1. Restricting the calculation to Cα positions, tell me the Rg (one decimal) and the Dmax (whole number) of the chain in Å.
2. Using a basic spin-label model with each label point 7 Å from the Cα along Cα→Cβ, how many nm lie between GLU7 and SER86?
3. Could you list LEU15, LEU75, LEU48 in order of exposure, starting from the residue whose Cβ has the fewest other Cβ atoms within 10 Å?
4. Stretched out fully, how many nm does the piece from VAL62 to ARG41 gain, at 0.36 nm a residue minus the Cα gap?
5. Grab the DSSP H runs of the chain that are 4 residues or longer, score each as -39,500 (n - 2.57), total them, divide by all residues and round the 222 nm result to the nearest 500 deg cm²/dmol.
6. Would you mind ranking MET1, MET49 by Cβ crowding within 10 Å, fewest neighbours first?
7. Once fully extended, how much extra length lies between MET49 and ASP79, figured as 0.36 nm per residue of separation less the alpha-carbon to alpha-carbon distance?
8. Gain in length, GLU32 to ARG69, computed as 0.36 nm per residue apart minus the alpha-carbon separation, to one decimal in nm?
Amino acid sequence: MTLPPGETPLYNHPLPAIEAWLSEQGCEQDSEDLHCWTIQRSKWQAELMLDVDQLSVRYLNVEGRDIQRSFKYSLSRQDIEDAVFSGP
């Protein structure tokens, strides 16, 4: 699936495009909770949740605690990508 340009707000992406984008970033979809995704990088790991109006991210065990952030779908895909996948 072809993604819209990176400056397009995430709310203008069809769900299959968002799922393809998350897969391209190395995320894995939960087989039971399809709105939940996980990603593991060398220095951090996170859970992502596709909520009604935002993408929520919980970075796990960062200096002994979890850090949660939320990004409204009105932000561009590129801005969300830069923020989420740069890590906690």
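1. In Å, with Rg to one decimal and Dmax whole: 12.4, 39.
2. Roughly 1.9 nm, to one decimal.
3. Sorted ascending by nearby Cβ count, the order is LEU15, LEU75, LEU48.
4. Taking 0.36 nm per residue and subtracting the Cα distance, the gain is 6.3 nm.
5. Numbers: 2 runs with 18 residues, N = 88.
Rounded to the nearest 500, the figure is -6000 deg cm²/dmol.
6. Least crowded to most crowded, the residues run MET1, MET49.
7. 9.1 nm
8. 11.0 nm
Bear in mind these aren't lab numbers, they're just calculated from the coordinates by the rules spelled out. Bear in mind the structure is a predicted one, so any value in this text is a computation, not a measurement. Note that each Cβ is placed from the backbone with ideal geometry, even for glycine, and that neighbours are counted across all protein chains shown.
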